[in-house]
Amino acid sequence: MKRWVLALVSILLIFLLSSCGGRAPLEDLTLAFILGVDLDDENNLTFYELNPVFHKGSKKGLEAYEVRAKTIRDSRRIFDGLTTGEVVAGKIQVLLVGERVLEHAGWFSILDSVYRNPNFSMNTRVVAVKGPVSDVVFYNPGEKPELSLHLKAVIDKSYDRTRAVKGTLQELHREVYEKGMTPIISEVKKEKKLELSGMALLYNKGKYAASLDVPESTLLLVLKNEKRHEVTMTIPIFPIEKENNIFHKNELSFQASRVKTKIKTGYKKNAFHFDVKVNMTVNIMERIFPEDKVKKAELVKLIEKELQKQFTDLIKKIQKKKIDPIGFGLYARAYHYEQFKKVDNDWGKALAESDINVSVNVKVNAYGAVK
Amino acid sequence: MVKHNKNQITLMQYIFLIHGVQVGVGLLTLPRELAEIAGTDGWISIIIGYFLSTVAGLLIIQVMKKHPNGTILDLITHYFGKWVGKIAALVFGLYFAFLASIIFIRECLFIQFWILPQTDMFILMLLLSIPTYLIVRNNIKVIARYSQLVFFMTTWMIFFYFSPLKEAHWLHLLPVVKEGWIPIFTAVKVTIFSFIGFEIAFFLYPSLQKKQKASAGFIIANTLTLLILLTITIVIFAFFSPDEITQFKEPTISVLKIVEFKFLERVEIVFLSFYIFVISTTVLPLMYSTVFCLSQLFGAQNHSKFVGWYLLLNLVYIMFITQTFDRNDQLSKLVQPISLFLAYAFPICLLIYVSIHDRIKGRANL
């Protein structure tokens with residue numbers, strides 16, 4: 001008797017197990033790999049979605065859709081009507097944000113669903129698109145692997161070579177809320193081919209402020225102390241007349257094996273002071289000019305001078321825009337909390353008024369295998 | 001009277017039982033609650049809470065030393081008489097019952113929100129109730145073994161938290177003591193509840209084999225809890241910006257959303273699934289204490305019937321009243337003053353009374 005009751009109860013319980021009912025075979029799902037947000041000419045929100053097709057009959061491996069909807073969640077309703085399977089958002093690799101969207105402050109709030117819904121991955125890379133998002137989503141790289149993989153690989157590789165930020169949803173969230181810094185995301189553009197064009201610097205509410213090209217992005221990341229596996233720069237060592245310089249005979253490339261940026265803070269006369277010290281140990285990878293052109297001792301000085309100029313220019317550009325992608329505000333808060341608290345609602349302005357000095361210290365480790 | 005001699009627990013089991021009861025659902029929201037009050041200085045409040053709870057726990061053990069072969073209920077009966085003992089059993093029983101229910105329901109709410117959003121709460125609770133019943137109907141020794149097993153089964157999970165450290169910004173923790181000490185002391189009102197659960201020492205003491213080690217064991221258990229709370233809180237404070245952390249309801253889970261392996265995504269779900277075990281080491285001893293008190297109250301020999309009724313009551317409760325995080329929060333706010341009294345104030349009062357009583361009695365005997 002007791003055994004029967006036990007058996008009956010066990011069988012009943014097995015039916016209760018939740019995983020038996022809601023099974024979802026991969027073929028029946030539409031996994032969104034890329035989600036795009038843009039505005040059309042009449043400022044209507046437009047959403048793009050790119051998903052792989054698993055059906056045997058299909059020739060193209062990918063399909064892309066463009067819909068007009070009110071919000072991200074609302075767009076799912078329309079995507080569901082267009083695709084074969086249920087649209088699933090958990091695997092979005094790249095979130096593309098169009099230039100026209102970035103021009104409006106407060107665009108960040110349309111991402112609310114992404115943060116509120118636990119199904120979304122926080123590692124989705126947020127990428128700004130210079131130009132319309134449709135150019136990227138409907139772009140068919142042909143020989144290359146599928147677009148979302150390609151785009152993600154481009155970002156990740158550049159991130160490893162200290163040329164781009166990963167710019168995940170988590171990082172973006174942090175940078176938008178953090179008062180002591182402003183957000184950065186990587187930027188791509190599609191002209192003939194799709195390429196990484198650098199970074200987009202945003203104001204605190206997410207509005208577009210400025211773009212950096214790839215070499216400037218490296219400089220910025222060095223200042224942020226975010227050196228990854230490799231830092232390579234190519235810089236001019238001495239000025240040269242334009243017409244004689246087909247082969248850029250004034251350039252030098254190096255790879256920095258050690259980069260350490262120290263930021264010291266001070267507060268004097270109602271303004272913040274930042275002392276930025278960049279220490280680098282470099283290996284020279286390329287020297288186009290002949291050896292006797294510059295003496296060894298002088299060479300290091302010239303590298304330092306050129307780098308210092310580039311860093312200073314970059315910081316001036318940032319100060320002019322009243323943004324703080326480097327995060328000087330974090331240092332200000334940590335070491336001058338009371339003064340920072342007074343200006344934290346408009347930190348960009350306070351940074352623009354503060355005094356930033358950059359000094360560069362270069363040590364050359366190796367000059368290469370040839371003289 | 002329940003016999004304690006047969007069901008003795010070792011020092012290790014005693015440590016993990018107390019530690020297990022302390023660490024549970026609270027840890028999931030603790031960093032946010034601290035940040036709301038004290039910003040990134042909240043970790044200092046944890047240390048203050050640790051000292052307060054250690055003192056309270058040591059007082060409990062001092063009280064229990066006066067009557068080493070019985071639980072707190074026997075002690076109260078011994079000093080105050082049978083009826084006061086019954087009232088104490090009722091008070092402790094109801095307190096543990098409410099505490100266990102609130103945590104049990106909260107556990108289900110977390111599972112439902114993060115892992116199984118489509119599943120009915122009733123089914124989740126029913127499924128959890130079955131293993132719960134199978135363990136809690138046994139004696140304290142089985143529960144102690146379970147706590148020990150779960151501890152060793154789940155300690156590795158702390159390593160998940162070293163992964164977000166790659167993106168940590170230690171500058172967030174500076175300056176220490178940003179806004180003065182007042183917010184830090186205010187936040188202690190959150191952290192003393194993070195250590196709540198040690199009051200089961202009132203019931204564990206008679207079962208402990210080596211009673212001379214009770215204080216040391218308690219301090220080890222409490223320190224273990226401190227280390228876990230502190231590690232996770234500091235990781236979270238270094239990872240999230242102080243301006244954004246209050247945006248996340250359960251930062252302890254949210255922080256894991258960025259951890260990703262080649263072969264595994266959404267680590268937070270794996271984490272939370274294992275964390276159910278950790279929560280169970282809070283719920284099960286509390287439920288055991290509930291039914292222990294009830295069986296004492298009714299003078300019953302066997303408490304397994306009470307376990308069944310208690311779980312059934314819980315199921316009926318959630319069947320008829322829709323559970324939300326807000327309601328759960330309100331309920332736990334209601335229980336907090338009782339916790340504060342039973343775990344912190346009560347041992348002090350009791351110790352003073354018992355000491356005076358013994359002294360007077362000692363004089364009378366002269």
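Search segment A:154-170 for residues being of a type in the set (S, T, N, Q) and part of a helix (DSSP H, G or I), and hand back the single one that is farthest from the other protein chains (Cβ to nearest Cβ). Can you show your working first?
So the first thing to find is which residues in segment A:154-170 are of a type in the set (S, T, N, Q), and the list is A:158, A:162, A:168, A:170.
Now restrict to residues that are part of a helix (DSSP H, G or I): A:158, A:170.
Values: A:Ser158: 18, A:Gln170: 5 Å.
Ranking the candidates gives A:Ser158 first.
Checking the conditions here, which among A:Ile78, A:Ile72, A:Ile92 is closer than 14 Å to A:Leu39 by Cα and not basic (Lys, Arg)?
Numbers: A:Ile78 fails: closer than 14 Å to A:Leu39 by Cα; A:Ile92 fails: closer than 14 Å to A:Leu39 by Cα.
Sole residue among the options that is closer than 14 Å to A:Leu39 by Cα and not basic (Lys, Arg): A:Ile72.
Give just the number: which of (1) touching a residue at least 12 places away in the same chain (Cβ under 8 Å); (2) outside any helix (DSSP H, G or I) does A:Lys349 not satisfy?
Single failed check for A:Lys349: (2).
Might you check whether a residue that is surrounded by 18 or more Cβ atoms within 10 Å (Cβ to Cβ) and outside any helix (DSSP H, G or I) occurs anywhere in segment B:211-225?
No, there is no match, as no residue in segment B:211-225 is surrounded by 18 or more Cβ atoms within 10 Å (Cβ to Cβ) and outside any helix (DSSP H, G or I).
Considering only residues that are part of a helix (DSSP H, G or I) and away from chain B (no Cβ under 14 Å), look in segment A:82-130 and name the one that is surrounded by the most Cβ atoms within 10 Å (Cβ to Cβ). So that I can check it myself, show each step before the final result.
First, the residues of segment A:82-130 that are part of a helix (DSSP H, G or I): A:82, A:99-102, A:107-116.
In the following step, the residues that additionally are away from chain B (no Cβ under 14 Å) were identified as A:82, A:99-102, A:107, A:110, A:113.
Details: A:Leu82: 13, A:Glu99: 19, A:Arg100: 20, A:Val101: 23, A:Leu102: 25, A:Trp107: 21, A:Ile110: 18, A:Ser113: 16.
Among those that are part of a helix (DSSP H, G or I) and away from chain B (no Cβ under 14 Å), it is A:Leu102.
Mind telling me which of the residues B:Ile234, B:Ile182 ends up being free of Cβ contacts under 8 Å to residues at least 12 places away in the same chain, away from chain A (no Cβ under 11 Å) and over 30 Å from B:Ser101 (Cβ atoms)? Explain how you work it out, then say what you get.
Details: B:Ile234 fails: free of Cβ contacts under 8 Å to residues at least 12 places away in the same chain.
Every option except B:Ile182 fails the conditions.
Please verify whether B:Thr290 is under 21 Å from B:Ala89 (Cα atoms) and of a type outside the set (Asp, Glu), treating the condition exactly as stated. Walk me through how you get there before you give the answer.
Details: under 21 Å from B:Ala89 (Cα atoms): yes; of a type outside the set (Asp, Glu): yes.
So B:Thr290 passes the test.
Would a scan of segment A:351-370 turn up a residue that is at pLDDT 90 or above, farther than 30 Å from B:Phe237 by Cα and out of contact with any strand residue (DSSP E or B) (no Cβ under 6 Å at 6 or more places or on another chain)?
No - not one qualifying residue is present in segment A:351-370.
Which of the residues that make up segment A:104-160 are among the aliphatic types (A, V, I, L, M) and more than 17 Å from A:Lys189 (Cα to Cα)? Walk me through how you get there before you give the answer.
Taking segment A:104-160 and keeping what is among the aliphatic types (A, V, I, L, M), we get A:105, A:110-111, A:114, A:122, A:126-129, A:133, A:136-137, A:147, A:149, A:151, A:153-155.
Correct list: A:Ala105, A:Ile110, A:Leu111, A:Val114, A:Met122.
(1) in contact (Cβ under 8 Å) with a residue 12 or more places away in the chain; (2) within 30 Å of A:Ile326 (Cβ to Cβ); (3) within 12 Å of chain A (Cβ to nearest Cβ): which one isn't true of B:Leu171, the others all being true?
B:Leu171 satisfies every listed condition except (1).
Identify, from the list B:Phe261, B:Phe271, the residue that is farther than 22 Å from B:Leu134 by Cα and loosely packed, with under 15 Cβ neighbours inside 10 Å. If you could, list the steps in order and put the result at the bottom.
Details: B:Phe271 fails: loosely packed, with under 15 Cβ neighbours inside 10 Å.
Exactly one residue qualifies, and that residue is B:Phe261.
Within segment A:317-330, does at least one residue satisfy the condition of being β-branched (Val, Ile, Thr), away from chain B (no Cβ under 14 Å) and outside any loop (DSSP other than H, G, I, E, B)? First the steps, then the outcome.
Going residue by residue through segment A:317-330, those that are β-branched (Val, Ile, Thr) are A:318, A:323, A:326.
Still in the list and also away from chain B (no Cβ under 14 Å): A:318, A:323.
Then keep just the ones that are outside any loop (DSSP other than H, G, I, E, B); that gives A:318.
Checking segment A:317-330: at least one residue is β-branched (Val, Ile, Thr), away from chain B (no Cβ under 14 Å) and outside any loop (DSSP other than H, G, I, E, B).
Show the residue pairs meeting these rules: Cβ distance below 6 Å; 6+ apart or different chains; first residue within segment A:63-85 and among the basic types (Lys, Arg); second residue surrounded by 14 or more Cβ atoms within 10 Å (Cβ to Cβ).
That search, which allows pairs on different chains as well, returns A:Arg68/A:Thr46; A:Arg73/A:Ser113; A:Arg76/A:Val87.
For segment B:238-251, how many residues are more than 7 Å from chain A (Cβ to nearest Cβ) and either within 21 Å of B:Gly24 (Cα to Cα) or assigned to a helix (DSSP H, G or I) (or both)? Lay out the reasoning, then the answer.
Of all residues in segment B:238-251, those more than 7 Å from chain A (Cβ to nearest Cβ) come to B:238-239, B:242, B:245-246, B:248-251.
After this cut, where a residue has to be either within 21 Å of B:Gly24 (Cα to Cα) or assigned to a helix (DSSP H, G or I) (or both) as well, the list is B:238-239, B:245-246, B:248-251.
Within segment B:238-251, residues that are more than 7 Å from chain A (Cβ to nearest Cβ) and either within 21 Å of B:Gly24 (Cα to Cα) or assigned to a helix (DSSP H, G or I) (or both) number 8.
Under 9 Å between Cβ atoms, at least 6 apart or on separate chains: pull out the pairs that start in segment A:293-305 with a residue that is within 15 Å of A:Pro236 (Cβ to Cβ) and end on any residue that is among the hydroxyl-bearing types (Ser, Thr, Tyr).
Within 9 Å, the pairs are A:Glu304/A:Ser359.
Give B:Phe292, B:Phe277 a once-over and let me know the one that is among the aromatic types (Phe, Trp, Tyr), within 26 Å of B:Ala343 (Cα to Cα) and either within 14 Å of another protein chain (Cβ to nearest Cβ) or surrounded by fewer than 20 Cβ atoms within 10 Å (Cβ to Cβ) (or both).
Details: B:Phe292 fails: either within 14 Å of another protein chain (Cβ to nearest Cβ) or surrounded by fewer than 20 Cβ atoms within 10 Å (Cβ to Cβ) (or both).
Testing whether each residue is among the aromatic types (Phe, Trp, Tyr), within 26 Å of B:Ala343 (Cα to Cα) and either within 14 Å of another protein chain (Cβ to nearest Cβ) or surrounded by fewer than 20 Cβ atoms within 10 Å (Cβ to Cβ) (or both) leaves just B:Phe277.
Looking at segment B:153-166, which of its residues are over 18 Å from B:Val21 (Cα atoms) and either of a type in the set (A, V, I, L, M, F, W, C) or buried (at least 16 other Cβ atoms within 10 Å of the Cβ) (or both)? Walk me through it before giving the result.
First, pick out the residues of segment B:153-166 that are over 18 Å from B:Val21 (Cα atoms): B:156, B:159-166.
Residues satisfying the conditions are B:Trp156, B:Phe159, B:Phe160, B:Tyr161, B:Phe162, B:Ser163, B:Pro164, B:Leu165.
What number of residues within segment A:141-168 satisfy the criterion of being among the hydrophobic types (A, V, I, L, M, F, W, C) and over 10 Å from the mean Cα position of the chain (by Cα)?
Taking segment A:141-168 as the starting set, the residues that turn out to be among the hydrophobic types (A, V, I, L, M, F, W, C) are A:147, A:149, A:151, A:153-155, A:164-165.
This time we only want the ones that are over 10 Å from the mean Cα position of the chain (by Cα), so: A:147, A:149, A:151, A:153-154.
Final tally of qualifying residues: 5.
Determine, yes or no, whether A:Ala350 is of a type in the set (A, V, I, L, M, F, W, C) and either surrounded by fewer than 16 Cβ atoms within 10 Å (Cβ to Cβ) or within 14 Å of chain B (Cβ to nearest Cβ) (or both).
On the way: of a type in the set (A, V, I, L, M, F, W, C): yes; either surrounded by fewer than 16 Cβ atoms within 10 Å (Cβ to Cβ) or within 14 Å of chain B (Cβ to nearest Cβ) (or both): no.
No: the conditions fail for A:Ala350.
Given B:Val307, B:Val235, which one is assigned to a helix (DSSP H, G or I), in contact with a Lys or Arg (Cβ under 7 Å, 6 or more places away or on another chain) and surrounded by 19 or more Cβ atoms within 10 Å (Cβ to Cβ)?
Details: B:Val235 fails: in contact with a Lys or Arg (Cβ under 7 Å, 6 or more places away or on another chain).
Answer to the selection: B:Val307.
Can you find a residue that is under 24 Å from the mean Cα position of the chain (by Cα) and away from chain A (no Cβ under 13 Å) anywhere in segment B:252-267?
yes
Of the residues A:Tyr337, A:Tyr267, only one is in contact with a helix residue (DSSP H, G or I) (Cβ under 8 Å, 6 or more places away or on another chain) and surrounded by 13 or more Cβ atoms within 10 Å (Cβ to Cβ); which?
Residue meeting the stated conditions: A:Tyr267.
In segment A:131-153, what count of residues is obtained for those that are in a loop (DSSP other than H, G, I, E, B) and either among the charged types (D, E, K, R) or under 30 Å from B:Ile245 (Cβ atoms) (or both)? Give the steps one after another, and end with the answer.
Taking segment A:131-153 as the starting set, the residues that turn out to be in a loop (DSSP other than H, G, I, E, B) are A:131-132, A:138-146.
Imposing the further condition that a residue be either among the charged types (D, E, K, R) or under 30 Å from B:Ile245 (Cβ atoms) (or both) reduces the set to A:143-144, A:146.
Selection size over segment A:131-153: 3.
Of B:Val142, B:Val150, B:Val177, which residue is part of a helix (DSSP H, G or I), surrounded by fewer than 19 Cβ atoms within 10 Å (Cβ to Cβ) and either of a type in the set (Val, Ile, Thr) or touching a residue at least 24 places away in the same chain (Cβ under 8 Å) (or both)?
Numbers: B:Val150 fails: surrounded by fewer than 19 Cβ atoms within 10 Å (Cβ to Cβ); B:Val177 fails: part of a helix (DSSP H, G or I).
Testing whether each residue is part of a helix (DSSP H, G or I), surrounded by fewer than 19 Cβ atoms within 10 Å (Cβ to Cβ) and either of a type in the set (Val, Ile, Thr) or touching a residue at least 24 places away in the same chain (Cβ under 8 Å) (or both) leaves just B:Val142.
The values are calculated or read from the model by the stated rules, or taken from the named source; none is laboratory data. Just so we're clear, the structure is a prediction, and the values are computed from it rather than from any experiment. Neighbour counts are summed over all protein chains in view; Cβ atoms, including those assigned to glycine, are modelled from backbone coordinates with ideal geometry.
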